[in-house]
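First the structure, in the form of structure tokens, and then the observations on it.
The values are calculated or read from the model by the stated rules, or taken from the named source; none is laboratory data. In this text the structure is predicted, and so the values were computed from the model without any measurement. A quick note on method: Cβ atoms are made from the backbone with ideal geometry, for glycine too, and the neighbour counts reach across all protein chains shown.
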Amino acid sequence: MPVIELASTVQGRLSGIRSRTGAAFLGIPYAAPPVGPLRWRPPQPAPEWEGVRAANRFSAVARQPLPAANSLYFPGDLPQSEDCLTLNVWTNAENGTERRPVMVWFHLGAFIFGSTRWPGRPGGETVFDGAHLAELGAVVVTVNYRLNRLGFLAHPWLTAESEHGASGNYGFMDQVAALEWVRDNIAEFGGDPENVTIFGLSAGSASCSLHIASPLSRGLFQRAIASSGGFMAPAAKDSGIFDRLLTLDEAEKRGSALTDALRVEDMDALRRVPFETLLTAPVPAAPGPWVMEALGGGGFGEGVADTQYPIVDGYALPDSPGAIIAAGRHNDVGLMTGSTLDDDTGLPGINTLAEYRTYLRADMGALADDALAVYVAHDDTSAYGASGDLIADRVFGWHNWSMARGLAANGSKPVFYYDWTQALPIPATYVERRRGAAHGAEMPYIFGTLDAYDWPWSDADARLSDILSRYWFNFAKAGDPNGEHLPLWPAFEGEHGPAMQIAHEPKAGTPTRRDRFAILDLYYGR
């Protein structure tokens, strides 16, 4: 491929390659390799280099377990390494004097798996190819960060090492370091460091909620687009469902259980433990309902049920995003957010009506009858669907609904909210039991990469992709998704919406699932 040379970044000069529409610079280190003595430490500055560094290929991805190869959420069997703190840039800018809006993507994967690569089919190109959004006028950045036990392990030893008396949020601090790299370098790519939008889906959306709340992210971005995820519930002592953040004390207990299982006596020894041993060390499974079968051992292998993800550590995250936003202490940024109607795709439902009713009474107590009235089940088949809707709302949809209401009430910037209702043409070869408006539906439409999946897309899907990518770009450019020849998307005003209903023919309407979300308001408000 033809090589493009770029003027100096902070670390040194780079050469990139031609993308589909402009230029791409791949595998750029934004922090030092977090290996050896830097394992479980905040990210350190990337080293400088002499001459011109070739930024012509993706780096290895973060060390991670992989879900089933026939899952919708299989992220590709790609080279892995702990030396993974890299990002990729797509730009169509003619030179470094331009000031284009910047879009920074944080990938999905439950903070357990995933990367900036994510081929839609075996051997395919990445779904997260920024060339189309760059053609519209953005400078696009996609970020790798540390995952699971390498990215989010809290432990009393680590807390004692920290000058801030905190541990556990290393993967999140990686993302902050990437945003700092964008601030310091993106002008060289024609981007505007004062017009940065972060966007993500699932764990990437939850990451957006953390950046909205974290003092470490203040001033590093101006807008967020969060799709299906966001830690809006109060922090908790136990949280196996991925809906509530753990406190530092509780996260440290899980970390101590891991070092007990490994029989290591200090941090030096822990930093020498091979990744495979670290991943599969037998520890008690995290508490929580049936959903952990999908996020834990049932999907990834022995030992992974004890997953680590962001926590309320008192430093990077002083409290849950929901509490920080409710108190008006969040970063005042523009927001576009929403979720899909079938976000339970890939999560397991409860198989029998009796088990479903038993679970609701044990978990929701006095709210169980109210929950049964909106998550309705009459037999085993409907119990599977109703429990799937409940878990989807608890892990995903309620958080985006709450994020929209919180920023609309306590922020000064417009909020835009959507419900994704369009079913995807997913072939029957995938292992997921449910389909429809699936979790992650937005990704190939926004990036203009429908071809990354070998699915029977229609002309209507192609038109929707064009609409969605322009909505996302317009919001990144000026804080408003609306533009010429696009269906009008009115700003969100509160409980009654309005919400943009995203389907082949997008239109504004009343938000869906409000009765279900109202039950969860009561549940989390107890």
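The figures follow:
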item	result
Residue match in the stretch 361-380 (condition: touching a Phe, Trp or Tyr at 6+ places or on another chain (Cβ under 9 Å), closer than 30 Å to PRO490 by Cβ, part of a helix (DSSP H, G or I) and of a type in the set (Asp, Glu))	no
Search result, residues across the stretch 217-256 that are touching a strand residue (DSSP E or B) at 6+ places or on another chain (Cβ under 6 Å) and of a type in the set (Val, Ile, Thr)	ILE225, THR247
Residue count for the stretch 155-183, restricted to those that are surrounded by fewer than 22 Cβ atoms within 10 Å (Cβ to Cβ), of a type in the set (D, E, K, R) and in contact with a helix residue (DSSP H, G or I) (Cβ under 9 Å, 6 or more places away or on another chain)	1
Residue check, ALA371 more than 23 Å from the chain's Cα centre (by Cα), small (Gly, Ala, Ser) and surrounded by fewer than 16 Cβ atoms within 10 Å (Cβ to Cβ)	no
Members of the stretch 490-515 found to be among the charged types (D, E, K, R) and in a loop (DSSP other than H, G, I, E, B), listed by number	GLU493, GLU495, GLU505, ARG513
Residues of the stretch 485-503 satisfying the condition of being touching a helix residue (DSSP H, G or I) at 6+ places or on another chain (Cβ under 9 Å) and surrounded by fewer than 18 Cβ atoms within 10 Å (Cβ to Cβ)	HIS485, LEU486, PRO487, ALA491, GLU493, GLY494, GLU495, HIS496, ALA503
Filtered residue count, the stretch 406-422, keeping only those that are within 20 Å of the chain's Cα centre (by Cα) and part of a helix (DSSP H, G or I)	2
Failed criterion for ASN410 (all others in (1) buried (at least 19 other Cβ atoms within 10 Å of the Cβ); (2) modelled with pLDDT under 95 hold)	(1)
Hits in the stretch 319-355 - residues which are under 21 Å from ALA409 (Cα atoms) and part of a loop (DSSP other than H, G, I, E, B)	ASP319, SER320, ALA327, GLY328, ARG329, HIS330, ASN331, ASP332, VAL333
Within the stretch 466-478, tally of residues that are buried (at least 20 other Cβ atoms within 10 Å of the Cβ) and either among the acidic types (Asp, Glu) or assigned to a loop (DSSP other than H, G, I, E, B) (or both)	0
Residues within the stretch 7-57 that are within 16 Å of VAL140 (Cα to Cα) and hydroxyl-bearing (Ser, Thr, Tyr), tallied	3
Residues located in the stretch 77-109, provided they are of a type in the set (A, V, I, L, M), out of contact with any His (no Cβ under 9 Å at 6 or more places or on another chain) and closer than 30 Å to PRO42 by Cβ	LEU78, LEU85, LEU87, VAL89, VAL102, MET103, VAL104
Scope the stretch 184-238; condition under 22 Å from LEU520 (Cβ atoms), surrounded by fewer than 24 Cβ atoms within 10 Å (Cβ to Cβ) and in contact with a Phe, Trp or Tyr (Cβ under 9 Å, 6 or more places away or on another chain); matching residues	ALA233, PRO234
Within the stretch 119-152, tally of residues that are in a loop (DSSP other than H, G, I, E, B) and β-branched (Val, Ile, Thr)	1
Filter result (closer than 22 Å to GLY200 by Cα and out of contact with any strand residue (DSSP E or B) (no Cβ under 8 Å at 6 or more places or on another chain)) within the stretch 426-445	PRO444, TYR445
Subset of the stretch 185-244 that is of a type in the set (S, T, N, Q) and assigned to a strand (DSSP E or B) - its residue that is nearest to the chain's Cα centre (by Cα)	SER227
Filter result for ARG394 (touching a helix residue (DSSP H, G or I) at 6+ places or on another chain (Cβ under 7 Å), under 28 Å from ASP363 (Cα atoms), modelled with pLDDT under 90 and not polar (S, T, N, Q))	no
Residues located in the stretch 499-513, provided they are without any contact (Cβ under 8 Å) to a residue 24 or more places away in the chain and within 20 Å of GLY406 (Cβ to Cβ)	THR510
Hits in the stretch 294-318 - residues which are at pLDDT below 90, within 23 Å of ASN400 (Cβ to Cβ) and not in a loop (DSSP other than H, G, I, E, B)	ALA294, LEU295
Residue that is farthest from the chain's Cα centre (by Cα) [pool: residues in the stretch 459-496 that are hydroxyl-bearing (Ser, Thr, Tyr) and over 24 Å from GLY411 (Cβ atoms)]	SER465
Within the stretch 130-143, considering residues that are buried (at least 24 other Cβ atoms within 10 Å of the Cβ) and in contact with a helix residue (DSSP H, G or I) (Cβ under 8 Å, 6 or more places away or on another chain), the one nearest to TYR471 (Cα to Cα)	LEU133
Scope the stretch 423-455; condition among the aliphatic types (A, V, I, L, M), part of a helix (DSSP H, G or I) and over 15 Å from TYR73 (Cβ atoms); matching residues	ILE446, LEU450
